[in-house]
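A short write-up of the structure that comes next.
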Amino acid sequence: MRAAVCRTYGPPDVVAVEEIEAPALADGQVRVRIAAAAVNFPDVLIVANSYQISAPTPFVPGSEFAGVVVEVADDVSDVAVGEAVTGTGLVGAFAEEAVIAGGALQRLPDGIDLAIAAAFGVAHRTAYHVLRSVARVQAGEEVVVLGAGGGVGLAAVQLATLLGASVTAVASSQAKLDVASSYGARHLINHSDGDLRQALKDTLPGGGDVVIDPVGGDLAEPALRSLRRNGRFVTVGYASGTIPRIPLNLVLLKGIAILGFEFRSWALHEQTEFVRNEAELMSLLADRRATPHIGARFPLQDVVAAMRLVGDGQAIGKVVLEISSDDE
Ligand SMILES: NC(=O)c1ccc[n+]([C@@H]2O[C@H](COP(=O)([O-])OP(=O)(O)OC[C@H]3O[C@@H](n4cnc5c(N)ncnc54)[C@H](OP(=O)(O)O)[C@@H]3O)[C@@H](O)[C@H]2O)c1
């Protein structure tokens, strides 16, 4: 099978598409013919070996995919051959086939486009769990979203709007803000124009209720300062490369909360809400009320360009690799 392979850690350029042997199927596993894979920021970090978890080289990068089940081990009853599924893992998605535990796959609603399904993964799920259960966003609240043109940010704009919130999108370009606006953002702030603190004061004179922050760096503190009493700041990621240090007296004086979200530990420790939220999100997808924005599509051989776009923070919404089609 054709697959993107990382043989040595480094920038996206170290990844090359090669012909390699398809992985063997073990007990409990399922083989999926991958139609599309989403490129996520952590994929770039894993290839650079600067993610929280290391993948030993050589490996096939890629953490989420959608495709069709083509083979199941005898002891698998979760899914059947011919079913459309999505899956997430640490690596393995930038390839024509993946082998994965049957229980780790999610069946897709009928008729969902497989590129859309691949893009509707970690970003939407993260944004929804954060809004619904961590920030506990209520209809009518003011939600500020940093990185609002990126994968998690744009999903948060869309889903917070669906929850009835009024969204202020913060991003670095007009192109990103235009897309955020098309997904429901009410206020738009280009932070490259200057003082984010002042721009938030002008936009939300009464303050915000919630900040969703997948970026960190210099944007976090001015955004946190914009919160009003009982405001919630949720730290989700550090795409800027800098983990912010926040003076705790701000939390004390303003009467606000700083909360965190990490997908794996949240799924493990908050089972009841996790299962409820996942079901709600799947029904939003099935009804086409929440559809991810695919800002760019690439064939597998252009994996390096796709990873660069994400790594440089230039992607708008999701970037998808289109790997195989039904007629192959
Ligand atoms: N906690 C969790 O469980 C969880 C789950 C999923 C993702 N994450 C993390 O959340 C972060 C965002 O993920 P994402 O999928 O939304 O990423 P993304 O699509 O690449 O968007 C990240 C945004 O960060 C901003 N940014 C600022 N400086 C950047 C830089 N030096 N390089 C790249 N982006 C930069 C950009 O926005 P502007 O330039 O427009 O401001 C960009 O749109 C990542 O750190 C990811 O690892 C965490």
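Please treat every number below as a calculation from the coordinates, not as lab data. Just so you know, these numbers come straight off a predicted model, no measurement behind them. Don't worry about glycine lacking a Cβ; one is built from the backbone with ideal geometry, like all the others, and counts go over all protein chains shown.
What residues from the stretch 132-147 fall in the zone where the backbone N is under 20 Å from a label point 7 Å along the Cα-to-C-beta line of Ser283?
Residues passing the 20 Å test: 132-134, 136-139.
With the dipole of the chain worked out from charges on the C-beta (+1 for Lys and Arg, -1 for Asp and Glu) around the Cα centre, which of Gly311, Gly140, Ser173 lies farthest toward the positive end?
Gly140
For the chain, what is the charge dipole size about the Cα centre, in debye to the nearest 20, if Lys and Arg each add +1 at the Cβ and Asp and Glu each add -1 at the Cβ? Please list the in-between numbers first.
Numbers: 25 positive and 38 negative charges, 338 e Å.
Around 1620 debye, computed over the chain.
Specify whether the C-alpha gyration tensor of the stretch 218-267 places it in the rounded, prolate or oblate class, a ≥ b ≥ c being the square roots of the eigenvalues: rounded for a/c under 1.5, otherwise prolate if a/b is larger than b/c and oblate if not.
Values: a/c = 2.36, a/b = 1.37, b/c = 1.72.
Note, shape of the stretch 218-267 comes out oblate.
To one decimal place, what orientation-averaged projected area in nm² is obtained for the convex hull of the Cα set of the chain?
Values: hull surface 64.9 nm².
Projected area, direction-averaged: 16.2 nm².
With the chain treated as a Gaussian network of Cα nodes joined by springs under 10 Å, which of Glu278, Glu142, Glu96 yields the largest mean-square fluctuation?
Greatest mean-square fluctuation among the candidates belongs to Glu278.
Could you name the lysines in cross-link range of Lys318, using Cα to Cα under 18 Å and dropping any fewer than eight places away on the same chain?
Lys176
Under the rule of -39500 (n - 2.57) per DSSP H run of 4 or more residues, summed and divided by the residues of the chain, what mean residue ellipticity at 222 nm is obtained, to the nearest 500 deg cm²/dmol? Don't jump to the answer; show the numbers that get you there.
Values: 11 runs with 95 residues, N = 328.
The helix contribution divided over the chain gives -8000 deg cm²/dmol.
List the pair-distance distribution P(r) of the stretch 107-178, using every Cα-Cα distance, as the percent of pairs falling in each 5 Å bin from 0 up to the bin containing the longest distance, rounded to whole percents.
4, 17, 25, 21, 17, 11, 5, 0
Using r as the Cβ-Cβ distance of Gln198 and Ala48, and R0 as 51 Å, what FRET efficiency do you calculate, to the nearest 0.05?
Numbers: r = 35 Å, r/R0 = 0.69.
With R0 = 51 Å, the Cβ-Cβ based efficiency is 0.90.
Quick one: of the DSSP bridges fully inside the chain, what percent are antiparallel, nearest 5?
On the way: 32 of 58 bridges.
Antiparallel: roughly 55 percent of the beta bridges in the chain.
Can you tell me the dipole magnitude for the stretch 91-231 around its Cα centre, using point charges on the Cβ only (Lys, Arg +1; Asp, Glu -1), in Debye to the nearest 20? Display every interim value, and only then the final one.
Numbers: 11 positive and 14 negative charges, 104 e Å.
With only Lys, Arg, Asp and Glu charged at Cβ, the dipole is about 500 debye.
With the crude spin-label approximation of a point 7 Å out along Cα→Cβ, what separation in nm comes out for Arg7 versus Glu71?
2.5 nm
Pick from Ala165, Ala37, Ala305: which is most flexible by mean-square fluctuation in a GNM of the chain where alpha carbon atoms under 10 Å apart are linked?
Ala305
If you build the Cα gyration tensor of the stretch 1-150 and take the root of 5 times each eigenvalue, what three semi-axes come out, in whole angstrom, biggest first?
On the way: eigenvalues 154, 99, 33 Å².
Semi-axes (√(5λ), whole Å): 28, 22, 13.
Which of Leu146, Leu224, Leu204 moves most in a GNM of the chain, Cα contacts under 10 Å?
Per the Cα network of the chain with a 10 Å cutoff, Leu204 tops the list.
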